[in-house]
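What follows is a short report on a single structure.
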Amino acid sequence: QDPEAEEDNDLFIPDEYRGILATTTKIFIDADASFPGEFELQGAALPRDAKPQANIVDVYCDDEEWFPVKKRLLQPCITLAKHVLSKSTERETIHVNLDCCTFDKVLRYLEAEARGEQFHFELHETEQLLGAAAELRLIGLQRLCEKALGDYHSSIRDEIPWEEVKQRNANGELLIVIDGCVCNITNWLEHHPGGNTIIPEQAVNCDATVLFEVYHASRESFLFLKQLYIGELRVADRHLVPPPKHFTGQNEPSATFLEQLREFVGQIKQFKTF
């Protein structure tokens, strides 16, 4: 499918053009003089001549990956304005100081904005996206990230009473305590990979630290804490938090786990003051 054959006001390139293979995909091989003699290329077809795609630019990332993008989709990126507004009849190349994963997220934002849809991203991606917004001078994404940071900071509290945790759980929310960190998992529970029953059954209204260690072998689970963390349990109330009732495994979290957890929580608190 030729992207140039689309209407010029269409900002999106078909996925087939971006590398997704289908049963009808044709792959062209250039059989030059160095082609090994023991192989025979059968059913060869020449690719059709394509007219210059002046409305598309090739965006190369700093890890050498690249994306074909419609110029008009990049219009919100002030840094790329000269390329977007270029009247050249030739297809241009742009280099950005971003890795391909980050730029892919930027493209998802631009596509959502062009469609009039809400752009969803995880809180731990905010700093990364904010850096990309600064690199591209993409004001809309910058404001979205700043809003996310502002909402996050305003929700963080240093002294959450234990009675408040229990009361909010009684009123339909789902708060858990992990080594004094209070996490609100109300809206995340349905996405929990381990199901939506084990946490309410075992980890509510108790110290869930050892449960978190036992059920999460990978430290990648720490990343979710950054999104769910709402503050610290009041220090004077920590002795009031009972151990889990319905768990027959180890009684205490390991020293290694606590060290890693506290190091990560320290990073979360630094993020708070970003």
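Take the residues of the range 74-104 that are in contact (Cβ under 8 Å) with a residue 40 or more places away in the chain and in contact with a Phe, Trp or Tyr (Cβ under 7 Å, 6 or more places away or on another chain): which is farthest from R143 (Cα to Cα)? Of everything passing the filter in the range 74-104, V96 is farthest from R143 (Cα to Cα). When the range 105-134 is filtered for residues that are of a type in the set (D, E, K, R), more than 24 Å from L228 (Cα to Cα) and in contact (Cβ under 8 Å) with a residue 40 or more places away in the chain, only E111 remains. Each residue in the range 87-103 was checked for being surrounded by 14 or more Cβ atoms within 10 Å (Cβ to Cβ) and not basic (K, R), and 8 of them qualify.
Taking the range 227-249 only, how many residues are among the small types (G, A, S) and either touching an Asp or Glu at 6+ places or on another chain (Cβ under 7 Å) or modelled with pLDDT under 95 (or both)? Looking only at that region, the number is 2. Inspect all residues belonging to the range 170-177 and state whether any of them is in a helix (DSSP H, G or I) and either surrounded by fewer than 17 Cβ atoms within 10 Å (Cβ to Cβ) or small (G, A, S) (or both). Checked the range 170-177: at least one residue is in a helix (DSSP H, G or I) and either surrounded by fewer than 17 Cβ atoms within 10 Å (Cβ to Cβ) or small (G, A, S) (or both). Checked against (1) assigned to a helix (DSSP H, G or I); (2) of a type outside the set (S, T, N, Q); (3) open to solvent by less than 100 Å² (accessible area, probe 1.4 Å); (4) modelled with pLDDT under 80, D32 meets all criteria but (1).
I'd like the full set of residues that are among the polar types (S, T, N, Q), open to solvent by 40 Å² or more (accessible area, probe 1.4 Å) and either at pLDDT 95 or above or part of a helix (DSSP H, G or I) (or both), limited to the range 104-136. Q128, the sole residue that qualifies.
Can you name the residue in the range 246-266 that is without any contact (Cβ under 8 Å) to a residue 60 or more places away in the chain and in a loop (DSSP other than H, G, I, E, B) and is also nearest to E201 (Cα to Cα) among such residues? Lay out the reasoning, then the answer.
Taking the range 246-266 as the starting set, the residues that turn out to be without any contact (Cβ under 8 Å) to a residue 60 or more places away in the chain are 246-252, 254-257, 259-260, 263-264, 266.
Now drop any that are not in a loop (DSSP other than H, G, I, E, B), which leaves 246-252, 254.
Numbers: H246: 8, F247: 10, T248: 13, G249: 15, Q250: 17, N251: 17, E252: 19, S254: 23 Å.
Looking at the filtered set, the residue picked out is H246.
Taking the criterion of being touching a residue at least 12 places away in the same chain (Cβ under 8 Å), more than 12 Å from L211 (Cβ to Cβ) and open to solvent by 70 Å² or more (accessible area, probe 1.4 Å), the residues of the range 236-245 that qualify are R238, L240. When only residues in the range 145-157 that are closer than 30 Å to A81 by Cα and open to solvent by less than 60 Å² (accessible area, probe 1.4 Å) count, which is modelled with the lowest pLDDT? Filtering the range 145-157 for residues that are closer than 30 Å to A81 by Cα and open to solvent by less than 60 Å² (accessible area, probe 1.4 Å), the one modelled with the lowest pLDDT comes out as G150.
The values are calculated or read from the model by the stated rules, or taken from the named source; none is laboratory data. Just so it is clear, the structure is predicted and the values come from calculations on it, not from any experiment. Because the Cβ atoms are built from the backbone with ideal geometry, glycine has one as well, and the counts that use them run over all protein chains shown. When the accessible area is computed, the model is the full protein with side chains, heavy atoms only, and any ligands, DNA or RNA have been set aside. Shrake-Rupley method; radii C 1.70, N 1.55, O 1.52, S 1.80 Å.
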